[in-house]
1. If you go through segment 6-38 one residue at a time, how many are assigned to a loop (DSSP other than H, G, I, E, B) and either touching a residue at least 60 places away in the same chain (Cβ under 8 Å) or crowded, with 18+ Cβ neighbours inside 10 Å (or both)?
2. Select from segment 62-92 the residues that are of a type in the set (Ser, Thr, Tyr) and either over 18 Å from Pro128 (Cβ atoms) or surrounded by fewer than 19 Cβ atoms within 10 Å (Cβ to Cβ) (or both) and write down the one among them that is farthest from the chain's Cα centre (by Cα).
3. Could you please find all residues in segment 78-110 being of a type in the set (A, V, I, L, M, F, W, C) and under 13 Å from Cys64 (Cα atoms)?
4. Please work out which one of (1) assigned to a loop (DSSP other than H, G, I, E, B); (2) surrounded by fewer than 19 Cβ atoms within 10 Å (Cβ to Cβ); (3) among the β-branched types (Val, Ile, Thr); (4) at pLDDT 85 or above is the condition Val51 fails and give its number.
5. Can you name the number of the only condition in (1) in contact with a Pro (Cβ under 8 Å, 6 or more places away or on another chain); (2) over 21 Å from Val120 (Cβ atoms); (3) among the charged types (D, E, K, R) that Arg53 fails?
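The values are calculated or read from the model by the stated rules, or taken from the named source; none is laboratory data. These numbers were taken from a predicted model, which means no experiment stands behind them. Because the Cβ atoms are built from the backbone with ideal geometry, glycine has one as well, and the counts that use them run over all protein chains shown.
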Amino acid sequence: MNIIVSTIDTVLNWGRANSIWPLTFATSCCGIEMMCASASNFDIARFGSEVFRPSPRQADLLICAGTITHKMAPVLLRLYEQMPEPKYVIAMGACTCGGGMFSGKDAYSVVNGIDKIIPVDIYLPMCPPRPEGLFDAILKLQKEINKESILTRKEFLDSHKLSLKEENGILVRKDYDELY
């Protein structure tokens, strides 16, 4: 039984890892670097990710690039929920990972990390990250996808289920206090 499952895992993971279709979601300067990654100088097509999808229903990778405000957070959450399983998230840029230069008490309108809203698989915390950094994040994600197993799929899906609550008009994950 293990031989059959491991063979199926290998074939499925190879196909999924080498055909990741990202969703275009860029709100600021990191989006320019993400677009540059698909240009001829860098060519993201080498990693099987050349098809940037305009709809979340056709994508399996959300590359969140840029500053996320509290007003934009419900839109990001809706896009994440509309993506089919399995779905992955790369947080691209310092503002996306932790609020960047807008974090702290000075900027009340910026979410200090999208992991308060959706689960993140790979963090890319530069300002702005170069296309090579995005390629490295995609390669790391491909390695993680290749390690997945059909037998542990339910545990993975359960870990990505969201439980949100509203605090002072802001959506946050219920388990946020346990995470930090």
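1. Number of matching residues: 6.
2. Thr69
3. Matches in segment 78-110: Leu79, Val89, Ile90, Ala91, Met92, Ala94, Cys95, Cys97.
4. (4)
5. Looking at each condition in turn, Arg53 falls short on (2).
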